[in-house]
1. Cβ-Cβ below 9 Å, separation at least six or inter-chain, first residue in the range 298-317 and farther than 15 Å from THR274 by Cα and touching a residue at least 24 places away in the same chain (Cβ under 8 Å), second open to solvent by less than 50 Å² (accessible area, probe 1.4 Å) and of a type outside the set (Lys, Arg): which pairs?
2. Give just the number: which of (1) among the aliphatic types (A, V, I, L, M); (2) touching a strand residue (DSSP E or B) at 6+ places or on another chain (Cβ under 8 Å); (3) over 30 Å from ARG475 (Cβ atoms); (4) open to solvent by less than 50 Å² (accessible area, probe 1.4 Å) does MET339 not satisfy?
3. Name the residues in the range 171-197 that are over 30 Å from ILE105 (Cα atoms) and open to solvent by 20 Å² or more (accessible area, probe 1.4 Å), would you?
4. If we keep just the residues of the range 346-365 that are surrounded by fewer than 16 Cβ atoms within 10 Å (Cβ to Cβ) and in contact with a strand residue (DSSP E or B) (Cβ under 8 Å, 6 or more places away or on another chain), which is farthest from GLU319 (Cα to Cα)?
5. Go through the range 274-295 and count every residue that is exposed (fewer than 12 other Cβ atoms within 10 Å of the Cβ) and aliphatic (A, V, I, L, M).
6. Restricting to the range 337-365, name every residue that is under 20 Å from HIS464 (Cβ atoms) and touching a residue at least 40 places away in the same chain (Cβ under 8 Å).
7. Looking at the range 313-320, can you tell me whether even one residue there is over 39 Å from the mean Cα position of the chain (by Cα) and open to solvent by 50 Å² or more (accessible area, probe 1.4 Å)?
Amino acid sequence: MPLLRSNTADKFIVDRRKPHRNSDVARAVRRTRDRLSQQAGNLDFDRELLKLHARTMVVSATAIPILVLAIAATGLLAGLDKKIGIWALFTLLCYAIVAFMARRIERTEASQIDPSQARRDFLIGHFLCGLGWAWFAWFGCDTCQIDQFQVVKAMVLLVAMAATAVMASSLGGALLATFAIPVAVYAYAGARTWLPIEVIMAALLVTALPFFAYVARNLNQASLMLMSFRSEKDALIAEVETAKSMSDEARRRAEDANLAKSRFLASMSHELRTPLNAILGFSEVMANEVLGPMNNPTYRDYAHDVHESGQHLLDLINEILDLSRIEAGRYQLNEEPVMLLTIAEDCCHMMELKARNKDIRVIQDFETTLPRLFADERAVRQIALNLLSNAIKFTPSGGEVRVRVGWTAGGGQYISVKDNGPGIPQEEIPVVLSAFGQGSIAIKSAEQGTGLGLPIVQGLLAMHGGEFELHSKLREGTEAIAIFPLSRVMEELPALPTKTVAARRR
């Protein structure tokens, strides 16, 4: 038989196996995604892209200048005149201007950036860099020692174009602003001589420019999509945090209200029991005709009914107050050494008359040698009585209830009450273990109760550090087990030393 436990305090259990249909949350998520989806002209994304471009240009500020210096050094060694040095200085100055603008944008808050102005400044800076590359594309070399100088220039332009496509991909149009004029100048210079190799290289550059522009555009779209996803994640996290805060506040209020209810009921013990004691006492006097006989027997029957109803109400109030004190943390344990065997045996004798009236056998199966427990005797007795009362209540006439007391596998002690009643359906076990919860079959086949017996048992066992287990199967019966931990078991004291041992010690 499977083992099920429940710590819930609510009678109505949510079936988690059913699909969760929260249309409001789904609609909110869809609205957030639509709002944060990629859109043209989003100022927040434009600022973020400009910051990303500035960061990239600052990090890679030395890449293109190193290429320029290498070209200048190679040109001087190859016999080019001083114009190559002047070109290098001009190009380095243009890239220094771009790096300076990038550093200024990187240090500026995103909210203070004017996207249109910053984009225009960057494009102007890249255009100036493009003029430097156009100057390089116009160079000729009649006296230098480099064969196929035009091919070398085309390869250098391809390398610079590829590096710019990667570094400046966050700024749309930066590649075209930089290399549109250099490619046109190179194509014009190659068209003047009309040499096959120069025409081929010019066609390669003209073809490579839109290809690298396409690559840069895809990188830009990928960056934009990543920013969109990040913004969506941040907004959804903010919504989840808001919902969590609202849920925590609602839970805190519910816990405060439940604690206030428990404290109120726990403090109402005297106010509720005093009038009930008067009702019970006077109704018992009237029913037993202590002060004289009643001429009308109906009044005597009414007095019996009033006494029984008052007793039932007092029992109900006692159980509610016990559970309320446990929940409010005001139930005080009077701990002392107790014998679990003795308490279980006394409880069986107390319930013997009720079991005989229903023709139910109570079978005791106790282990003979059990040490004492350090526990509250009243609480342990209440646990045993609640389990026995439930078993006798829900066992049909002619059945049997088996009570066992013994050791647990972990060294603790347990009391088990097993009946052969109707059992409990698996889906109703959490309901039975909750406050005021009752199973459907139990209600139909036996007298109704308050539904507080098992929750009180769970609470009292929790205060002792123990556990409560419920094994049940439909139409085969139920077994309730109250387990006390090893820490509650008291060790046997050692025997007193004999006279011989004491004399030897002296």
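1. Sorted first by the residue in the range 298-317, then by its partner, the pairs are VAL306/LEU280; VAL306/SER283; VAL306/ALA287.
2. (4)
3. Filtering the range 171-197 down to residues over 30 Å from ILE105 (Cα atoms) leaves 184-197.
Answer for the range 171-197, where residues must be over 30 Å from ILE105 (Cα atoms) and open to solvent by 20 Å² or more (accessible area, probe 1.4 Å): ALA184, VAL185, ALA187, TYR188, ALA191, ARG192, THR193, TRP194, LEU195, PRO196, ILE197.
4. In the first step, residues of the range 346-365 are kept if they are surrounded by fewer than 16 Cβ atoms within 10 Å (Cβ to Cβ); the result is 346, 349-350, 352-354, 356-359, 361, 363-365.
Among the residues that remain, those that are also in contact with a strand residue (DSSP E or B) (Cβ under 8 Å, 6 or more places away or on another chain) are: 352, 361, 363-365.
Details: GLU352: 22, ARG361: 27, ILE363: 27, GLN364: 27, ASP365: 29 Å.
Checked the range 346-365; the qualifying residue farthest from GLU319 (Cα to Cα) is ASP365.
5. 3
6. PRO337, VAL338, LEU340, LEU341, ILE343, ALA344, CYS347
7. yes
Yes/no per residue for (1) of a type in the set (Phe, Trp, Tyr); (2) in contact with a helix residue (DSSP H, G or I) (Cβ under 8 Å, 6 or more places away or on another chain); (3) open to solvent by 30 Å² or more (accessible area, probe 1.4 Å):
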site: VAL206; (1), (2), (3): no, yes, yes
site: PHE212; (1), (2), (3): yes, yes, yes
site: VAL215; (1), (2), (3): no, yes, yes
site: LEU224; (1), (2), (3): no, yes, no
site: MET227; (1), (2), (3): no, yes, no
site: SER231; (1), (2), (3): no, yes, yes
site: LEU236; (1), (2), (3): no, yes, yes
site: GLU239; (1), (2), (3): no, yes, yes
site: MET246; (1), (2), (3): no, no, yes
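The values are calculated or read from the model by the stated rules, or taken from the named source; none is laboratory data. It should be emphasised that the depicted structure is a prediction, and the values quoted were computed from it without experimental measurement. Note: ideal-geometry Cβ built from the backbone for every residue, glycine included; neighbour counts use all protein chains shown. Ligands, DNA and RNA are stripped out before the accessible areas are found, and what is left, the full protein with its side chains, is counted by its heavy atoms. Shrake-Rupley method; radii C 1.70, N 1.55, O 1.52, S 1.80 Å.
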